[in-house]
Amino acid sequence: MEKKNIDWANLSFGYIPTEQRYVTNFKGGAWDEGGLTSDNTVVISECAGVLQYAQTCFEGLKAYTTEDGSIVCFRPDLNASRLDDSCKRLEMPTLPEGRFLEAIDEVVKANAAYVPPFGSGASLYIRPYMFGSSAVIGVKPAEEFQFRVFCTPVGPYFKGGVKPLTIKVSDFDRAAPNGTGHIKAGLNYAMSLHAIVTAHDEGFDENMYLDAATRTKVEETGGANFIFVTKDGKVVTPKSDTILPSITRRSLMYVAKEYLGLEVEERDVYLSELKDFAECGLCGTAAVISPVGRVYDHGTMIEFPSGMEAMGPITQKLYDTLTGIQMGRIEAPEGWIRKIL
Ligand SMILES: *Cc1c(COP(=O)(O)O)cnc(C)c1O
């Protein structure tokens, strides 16, 4: 198979339509057979549930080429089960077992020419999503839904080297107790846009959201979970029912414990203890870990000892180990890597 003529190293994180995407429709209480299509547009009622009441959720994962030339993706079964959780909370039908993974496989195989080569640092970003497609005007769930998976090649996250981020403690809240913070719903992002544009206008890279109930505990950013490293080398991540359970973060905590022999803690993390941490990072599929150099909290700049030049040493080890597992250089735990081609 001949690869597309793309400047892989200089791709950004943007949408480039590829040749095929997967579509299946839910109607009359059942999903149809589904399959690939070359049509990259969606035609739905002007009154569709997704357009009126934001009935939609999504996932995000990557396919990439490993050292031995295989095309794989990382723990897609966890994306499948998280999508299930999102669908249930949003009164949307779940996909029958196995359909999610089949759809991913089909889309990646059909667009193999767009999977960046090993060593380019680029990858194929895969976006599965579901939305209410039938008309609703009274507030209620749609009756018809579409599940779709498209993919787009994306460039290396850290172009020209890793640069630690400066983030601010946001005055906006991301998720309410007993709300929808733990699911990957479009609505969580709609209301984060004003907060992120505001943070960018003020010169910050990201927002640190606090728990909405007490505003004393660290939750996450708009699209990534936090990990912290204590001065005695413990890896700590916030425990909360209102953060999105990042697959990257869960994998890093496992790697910290089982591969690096570090102590790990999932617990309440208070804003007041940030100044005591040695390192901080943001975890998500896009970057694996982005180091955070400092946090601005209403007039006070909290600077982590790891500084503004590089990742902290433990963050770097976590990053190297997890990316080593993903790329096939380090043996993966059972079931973490799904070979597609
Ligand atoms: C998707 C997402 C993450 C990262 O999850 P991964 O599974 O690691 O990609 C973190 N926080 C939020 C709010 C997200 O939507």
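The values are calculated or read from the model by the stated rules, or taken from the named source; none is laboratory data. Bear in mind the structure is a predicted one, so any value in this text is a computation, not a measurement. We place every Cβ from the backbone using ideal geometry, glycine too, and count neighbours over all the protein chains shown.
What to note about this one:
- A residue that is within 16 Å of the ligand (Cβ to nearest atom) and free of Cβ contacts under 8 Å to residues at least 40 places away in the same chain occurs somewhere in segment 159-172.
- Residue identified as without any contact (Cβ under 8 Å) to a residue 24 or more places away in the chain and not small (Gly, Ala, Ser) among 331, 309, 266, 258: 331
- Boolean, residue 236 is away from the ligand (no atom under 13 Å from the Cβ), more than 18 Å from residue 323 (Cα to Cα) and buried (at least 24 other Cβ atoms within 10 Å of the Cβ): no
- Residue that is within 16 Å of the ligand (Cβ to nearest atom), over 28 Å from residue 87 (Cα atoms), of a type in the set (A, V, I, L, M) and in a helix (DSSP H, G or I), where the choices are 199, 195: 199
- Filtering segment 312-320 for residues that are touching a Phe, Trp or Tyr at 6+ places or on another chain (Cβ under 9 Å), among the small types (Gly, Ala, Ser), away from the ligand (no atom under 16 Å from the Cβ) and in contact (Cβ under 8 Å) with a residue 12 or more places away in the chain leaves a non-empty set.
- Spans of strands (runs of 3 or more DSSP E) in segment 4-91 with at least 1 residues surrounded by fewer than 15 Cβ atoms within 10 Å (Cβ to Cβ) and modelled with pLDDT of 95 or more: 21-27, 35-37
- Counted residues, segment 50-71 - those being away from the ligand (no atom under 16 Å from the Cβ) and within 24 Å of residue 223 (Cβ to Cβ): 4
- Summed over segment 109-125, the residues that are more than 17 Å from residue 285 (Cα to Cα) and either part of a helix (DSSP H, G or I) or under 20 Å from the mean Cα position of the chain (by Cα) (or both) give a count of 5.
- Scope segment 97-111; condition surrounded by fewer than 20 Cβ atoms within 10 Å (Cβ to Cβ) and among the aliphatic types (A, V, I, L, M); matching residues: 101, 110
- Every condition in (1) touching a Lys or Arg at 6+ places or on another chain (Cβ under 9 Å); (2) in a helix (DSSP H, G or I) holds for residue 274 except the one numbered (1).
- Filter pass, residue 271 being touching a residue at least 60 places away in the same chain (Cβ under 8 Å) and within 16 Å of the ligand (Cβ to nearest atom): no
- Cβ-Cβ distances below 6 Å connect the following pairs, each with a first residue in segment 202-223 that is closer than 19 Å to residue 289 by Cβ, a second residue that is more than 11 Å from the ligand (Cβ to nearest atom) and in a loop (DSSP other than H, G, I, E, B), and a separation of six or more residues or different chains: 207/170; 209/170; 218/269; 219/211; 219/240.
- Scanning segment 243-268 for residues that are outside any helix (DSSP H, G or I), surrounded by fewer than 22 Cβ atoms within 10 Å (Cβ to Cβ) and out of contact with any strand residue (DSSP E or B) (no Cβ under 6 Å at 6 or more places or on another chain) yields a count of 6.
- Yes/no for residue 215 being within 16 Å of the ligand (Cβ to nearest atom) and of a type in the set (Lys, Arg): no
- Hits in segment 219-233 (condition: within 13 Å of the ligand (Cβ to nearest atom) and not in a loop (DSSP other than H, G, I, E, B)): 220, 225, 226, 227
- Verdict on residue 53 being over 24 Å from residue 105 (Cα atoms) and not aliphatic (A, V, I, L, M): yes
- Note on segment 318-331: residues that are surrounded by fewer than 17 Cβ atoms within 10 Å (Cβ to Cβ) and closer than 18 Å to residue 78 by Cα total 1.
- Filter pass, residue 94 being buried (at least 17 other Cβ atoms within 10 Å of the Cβ), among the β-branched types (Val, Ile, Thr) and either within 14 Å of the ligand (Cβ to nearest atom) or not assigned by TED's automatic domain parsing to the domain that holds residue 140 (or both): no
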